Amino acid sequence: MRSGPQPADLTDVRATNLAVVLRYVRANAPCSRADIAGATGLNKATVSSLVADLIDRRLVRETGLTEHRIGRPATMLVVDGDAYAAIGIEISADHLTAVALDLAGGELLSWRRAFTGLAATPGKAASTVAALAGRAVNRATRQGRQVLGLTVGVPGLVDQQGRVSLSPELGWRDVDLHADLVRALRGPAYEVVVDNDAQLAALAEHRHGPYAGTANLVHLTGGAGIGAGLVVDGRLLHGARGFTGEIGHIQLDPQGPPCRCGANGCLEALAAVPALIRRVLPDAETDGPVTDFAPEIDRVRAAARAGDPAALDALDEVGRHLGTGVSILANLINPEVVLLGGYYVPLAQWLLPAARQQLADRTVAPAAGGTELAASDLAGGAAAIGGAARAIAAIDNGRMPARPTD
Ligand SMILES: [Zn+2]
C-alpha cells in the first residue's frame, strides 16, 4: 500500500492534538495543564481547550487534588476510567478468554471458558464467542459504560478484513469470522475486529506489564501452535496482508514429525504444547487427542518438580528448539526482549536455561544482540488483554469515540 502526504483538515489536527494530550496524561498522570503545555509545546490556551474537550468526552478527569507550585495551585488530571470499556476475546484450541479493560487500563473482568477448538465448527465458534462477548457487553453496559470495541484474537492467518484464511490449530480454512460475529451479535453499535492472537499479545506486552513501552519486543504464544507477535521500532508489524509472525512453521528438521500445516519438522511440531505433552506424557493421548491442555501441563510441571529425568530431558529439548526459533528472531529483528506466553509460562523455569543457551549460540551478534528471553507476566490471557487494549490504543492514536450521550 502506498503512503504519501495525506490532506490534513482541521478536524484531523484537533484529533491529533487531543491524542497528544491524552497520551501525555496517560504516561504522566497525575499532571497539570501547565505540565502538558510545558511538555508538548502546545500553548496554554490550546491545552485548556483540548483538556476541556477530553473532559467533555469523559476521556480525562480532574482528580480534585491540587498541587501547589510556584504561583497558582494546579488541578491535577488523570485518564477517566469510568465511562468506557473495551473487550478482548482470545480463541485458543482448548479455551476462550474474555477480558474487559477500562480506558485507564484497569481490568473490569477476566473470564476463562472451556472450548474445544478442533471440535467446534466455525459457525459454532462464532456463536459461542458472540454469547461470551454479549455477557461482557451487558456487564459493561450495566455499569454505565460505553463499549468501545470488541477484538477477537485467533491463532492463525487473519487478513485485514478479519477473515481467517488458515488456522491449523482450529482446523479452519477461509472462515469469514468477522462477518459471522457481526451477524451473531446482530450488527452491534461498537466496532468488531478479528486479529491474529500473537499480534494482539504483543500489543498487550507493549502496553501492559513489566516490558510496557519497550520499542522492540516479541511475544511467543504457547498453545497448540507457536505464533510470534512482533513490535519493531515501537510499531506492531502486520506485513502486507497481516500474515507476520508465523514462526511456528519455520522448518527446523526436514525429517522431523509432521506438522498440521502439512510440512514436516516445523518448530511447532517440535516444540508447541501438544508436542511437549506427547514427549513428557506418552499416555496422554491414549484416549484420543488432548482437548484441555491445562491438566496435562500441571502433570508435566509436577514431573519436572519431582526431578523426573525423562521430563527434564524433554523440557530441555523443547527449550532448545524454542531457543533456535528465538535466535532467528534475534538475527532478523534484534528485539530487546522475547516473552514466552501461554502454557510456556508455568514451565518457564525448565525451558528457559536451554533456550537461552541456544539463543546465545545461534545468534551472530555477541550476547544474542542483547535479546533477553523471559516468561510473560500476562500468562494465558495476553491476546485477550491485547484485544481490549487495541480499542484503547486506537483512541490514544486519535480515533476519538462518539461522545457519551449523558
Ligand atoms: Zn508447520
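The values are calculated or read from the model by the stated rules, or taken from the named source; none is laboratory data. These figures come from a predicted structure and were not determined experimentally. Cβ sites come from the backbone with ideal geometry, for glycine too, and all protein chains shown count toward neighbours. Ligands, DNA and RNA are excluded from the accessible area calculation, which covers all protein heavy atoms including side chains. Shrake-Rupley method; radii C 1.70, N 1.55, O 1.52, S 1.80 Å.
Before moving on, here are some points about what is shown:
- Solvent-accessible surface of segment 285-406, averaged per residue with a 1.4 angstrom probe and all protein chains in place: 44 square angstrom.
- Two-decimal ratio, segment 264-310, of alpha-carbon radius of gyration to 2.2 N^0.38 Å: 1.16
- With N the number of residues in segment 90-248, Rg(Cα) / (2.2 N^0.38 Å) evaluates to 1.00.
- Distance between modelled label sites at residue 27 and residue 313, nm, 7 Å Cα→Cβ extension: 5.2 nm
- MRE, 222 nm, helices only [DSSP H, n ≥ 4, -39500 (n - 2.57), over the chain, to nearest 500]: -12500 deg cm²/dmol
- Overall form of segment 284-406 per C-alpha gyration tensor (a/c, 1.5; a/b vs b/c): oblate
- Taking only the C-alpha atoms of segment 21-116, Rg followed by Dmax gives 17.9, 63 Å.
- Radius ratio Rg over Rh of segment 263-343, counting only Cα atoms, Kirkwood formula for Rh: 1.01
- Distance (nanometres) between label positions extended 7 Å along Cα→Cβ at residue 302 and residue 264: 3.6 nm
- The modelled label-to-label distance for the pair residue 367/residue 161, using points 7 Å beyond Cα in the direction of Cβ, is 4.9 nm.
- Highest average first, the peptides 390-396, 341-347 ordered by how many other beta carbon atoms sit within 10 Å of their residues are 341-347, 390-396.
- Gaussian network model of the chain, springs between alpha carbon atoms under 10 Å - residue of 197, 180, 313 with greatest fluctuation: 313
- Relative contact order of segment 74-181, pairs being alpha-carbon contacts under 8 Å that are 6 or more residues apart, as %: 27 percent
- Computed Rg/Rh of segment 67-174, alpha carbon atoms with Kirkwood Rh: 1.19
- The chain: angle of helix 309-333 to the longest principal axis, Cα-based, in degrees nearest 10: 50 degrees
- Between 0 and 90°, nearest 10: helix 382-396 axis offset from the chain longest Cα axis: 20 degrees
- Using the alpha-carbon positions of segment 211-256, Rg (one decimal) and Dmax (whole number) come out as 12.6, 41 Å.
- Most to least packed among 315-324, 34-43, 120-129 [average Cβ atoms within 10 Å]: 315-324, 120-129, 34-43
- Taking only protein heavy atoms and a 1.4 Å probe, the accessible area of the chain is 51% carbon and sulfur.
- The chain - Rg over Rh from alpha carbon coordinates, Kirkwood radius: 1.01
- Förster radius 30 Å - calculated FRET efficiency between residue 397 and residue 331 (Cβ-Cβ, nearest 0.05): 0.45
- Euclidean distance of C-alpha centroids, segment 118-183 and segment 269-315, integer Å: 30 Å
- Along its first, second and third principal axes, ordered by size, segment 348-406 spans 59, 25, 11 Å in Cα coordinates.
- Translational diffusion coefficient (Stokes-Einstein; Kirkwood radius from C-alpha pairs) of segment 158-199 at 20 °C, 1.002 mPa s, in µm²/s: 199 µm²/s
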